[in-house]
Amino acid sequence: MNTKIIYWPKGGNVEKIAEKMTTKLNGVKAYCVEELDFNMLSDTELLILGGSTVGADHWNNEAYPDAWAMFFGELKAKGISMEGKKVALYGLGNQVLYPSHFVDSMKDMADAAISTGATLVGACANKDYHFDASEALVDGQFVGLPLDEDTQASKTEARIDAWLKGLDL
Ligand SMILES: Cc1cc2nc3c(=O)[nH]c(=O)nc-3n(C[C@H](O)[C@H](O)[C@H](O)COP(=O)(O)O)c2cc1C
């Protein structure tokens, strides 16, 4: 399956995980969403989108521009449909410091991805995480892969491996 990893922001855990995935998925490349050439999307069958939750109310907060909101806004503005494509999400968060908003942003990304016509894949079981609430939980499952490099880094490797295996690339 023609796969691309698209991530944002740069320079932190999200980028580190994108790079880690490229080493696991031979030949799959990772691109920062700010540097993406939209033409590259045309032959892509699976998009792995990675982001983090930074601030509970950031997604549509104009005072804190989010490159994901801009990406999805631009897709819409350019009239690019993602119908027939699959989207899988991974999201960085911190369940100890933010137990009431753990990886909330994955839900925003899931909603935005679905609104483009894409099929969301890669839901993840709520297993071995410890938090109070997350918007990214739908019908008891996470809409993508939650990763917590701040407090559960030792679980990251196995979580990624199991998740990528489930994507059936
Ligand atoms: C200001 C700030 C707010 C954050 N808010 C949340 C949050 O609401 N929910 C959550 O799960 N993690 C939250 N985090 C944790 C980050 O998502 C986590 O540290 C992540 O690994 C950051 O990845 P990045 O540096 O690539 O953006 C927050 C971190 C910061 C610095």
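The values are calculated or read from the model by the stated rules, or taken from the named source; none is laboratory data. Treat the numbers as computed from the prediction; the structure is a model and nothing was measured. So basically every Cβ, Gly included, is an ideal-geometry build from the backbone, and we count neighbours across all protein chains shown. Just the protein is used for accessible areas: all its heavy atoms, side chains included, with ligands, DNA and RNA removed. Shrake-Rupley method; radii C 1.70, N 1.55, O 1.52, S 1.80 Å.
Restricting to the range 121-150, give me the number of residues that are farther than 10 Å from residue 93 by Cβ and part of a loop (DSSP other than H, G, I, E, B).
Of the residues in that region, 13 qualify.
Select from the range 23-52 the residues that are hydroxyl-bearing (Ser, Thr, Tyr) and within 16 Å of the ligand (Cβ to nearest atom) and write down the one among them that is most open to solvent (accessible area, probe 1.4 Å).
Among them, the one singled out is 31.
If the Cβ limit is 6 Å and pairs must be 6+ apart or interchain, which residue in the range 77-97 that is touching a residue at least 60 places away in the same chain (Cβ under 8 Å) and farther than 13 Å from residue 44 by Cβ pairs with which residue that is within 8 Å of the ligand (Cβ to nearest atom) and part of a helix (DSSP H, G or I)?
Within 6 Å, the pairs are 92/13; 92/14.
Can you give me the number of residues within the range 90-120 that are among the aromatic types (Phe, Trp, Tyr), open to solvent by less than 10 Å² (accessible area, probe 1.4 Å) and in a loop (DSSP other than H, G, I, E, B)?
Residues in the range 90-120 being among the aromatic types (Phe, Trp, Tyr), open to solvent by less than 10 Å² (accessible area, probe 1.4 Å) and in a loop (DSSP other than H, G, I, E, B): 1 in total.
Can you find a residue in the range 78-89 that is closer than 20 Å to residue 10 by Cβ, crowded, with 21+ Cβ neighbours inside 10 Å, near the ligand (Cβ under 10 Å from one of its atoms) and at pLDDT 95 or above?
no
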